[in-house]
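Novice: For reference, the structure I am asking about is given below.
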Amino acid sequence: MKNMKVEKAEKLGLCFGVRRAIKLLKETANKYGEIETLGPVAHNRLLVEALVNLGVKPINHLDQAQGKILAITTHGTSPAVLSEIRAHHIHIIDTTCHIVRKAQNAAKELVEAGFDVFIFGDAKHSEVKGLLGWTGDKGIATLNMKQLYSSGKSPSRLGIISQTTQTRSAFIEFARQLMDVVGPKIEEIRLVNTLCKVTQGQQEAAIKLARKSQLMIVIGGGNSANARHLVEICSPLVETHLVETADEVDTSWLVGRHHIGITAGASTPDEAVEELIDKLRSL
Ligand code: SF4
């Protein structure tokens, strides 16, 4: 494809939180031979497979733990799970990202100050499950306002936080709708901005690139929240596809396109991004 320009977003790919976790896990596996992680390190198959080869094995549930060292992933976990691990006399390597930790602290402090907490996030996502754990029975997590109505909760003091990787526009819209519905009945509302600045920066750079590209390719895991958000925000601007590896690129997407934009989720390994760029440039 003659004269095709392939351009990377100004900010993309592996974030400092995941890089730090990988470093810690590699060092620990190196020292002790093998360690386990509670859930996958990040929502990216390539990354998880590379770490398995270095002795970092994911388990889905504490009951499956075979070793004496268990790592908490960047997504963090609840205080109840931490206590359960300690009760099993398993040593914890905690790689919770400090931005997630900040959100956990916000949830905890809101509850301690007498607030109910609404979390704007996917209740099935491991980070959100952990955040809910820090609210005791005072939290509810959803992406859907209707679910909040049906929960029957009408607190007099309400705290609002977000899953760290949500888009800013969606969080603002959620808070705005919430204010419309419950605002007049409520005594006090506190909104804590728990969004991740790295994710926000990557989303803004993706939008900027999508505006001048004829096609966007997002490289990341299909189960990665932030990779899916990159697709969501680029799609209204230009045709956008999500791939996990360069092999998944369909060359028919490129026909007649001279400017292809590339971005990547926060858990996408650098090599996967470079492989994609090499493949597109070789065409
Ligand atoms: S995306 Fe943000 S919150 Fe998540 S691990 Fe990376 S830096 Fe931390």
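Novice: Scanning the stretch 13-33 for residues that are surrounded by 14 or more Cβ atoms within 10 Å (Cβ to Cβ) and away from the ligand (no atom under 16 Å from the Cβ), which turns out nearest to residue 92 (Cα to Cα)?
Specialist: Going through the qualifying residues, I end up with 28.
Novice: Residue by residue through the stretch 1-59, note down the ones that are part of a loop (DSSP other than H, G, I, E, B) and closer than 22 Å to residue 76 by Cβ.
Specialist: Scanning the stretch 1-59 gives 13, 14, 15, 39, 40, 41, 42, 43, 44.
Novice: Can you name the helices (runs of 4 or more DSSP H) wholly within the stretch 173-283 that have at least 1 residues being farther than 28 Å from residue 40 by Cα?
Specialist: So the answer is 197-212, 270-282.
Novice: May I pose another question? Is there a residue being touching an Asp or Glu at 6+ places or on another chain (Cβ under 8 Å), farther than 30 Å from residue 70 by Cβ and surrounded by 20 or more Cβ atoms within 10 Å (Cβ to Cβ) anywhere in the stretch 89-107?
Specialist: Within the stretch 89-107 (the criterion being touching an Asp or Glu at 6+ places or on another chain (Cβ under 8 Å), farther than 30 Å from residue 70 by Cβ and surrounded by 20 or more Cβ atoms within 10 Å (Cβ to Cβ)), the answer is no, since none of the residues qualifies.
Novice: Now for a different question. Regarding the stretch 128-138, can at least one residue be identified that is over 22 Å from residue 179 (Cα atoms) and of a type in the set (Phe, Trp, Tyr)?
Specialist: yes
Conditions (1) part of a loop (DSSP other than H, G, I, E, B); (2) more than 15 Å from the chain's Cα centre (by Cα); (3) in contact (Cβ under 8 Å) with a residue 40 or more places away in the chain, marked per residue:
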residue	(1), (2), (3)
66	yes, yes, no
81	no, yes, yes
86	no, yes, no
96	yes, no, no
114	yes, yes, yes
118	no, yes, yes
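Bear in mind these aren't lab numbers, they're just calculated from the coordinates by the rules spelled out. Everything numeric in this text was worked out from a predicted model, so none of it was measured. Using ideal geometry, Cβ is built from the backbone for each residue, glycine included, and neighbour counts are taken over all protein chains shown.
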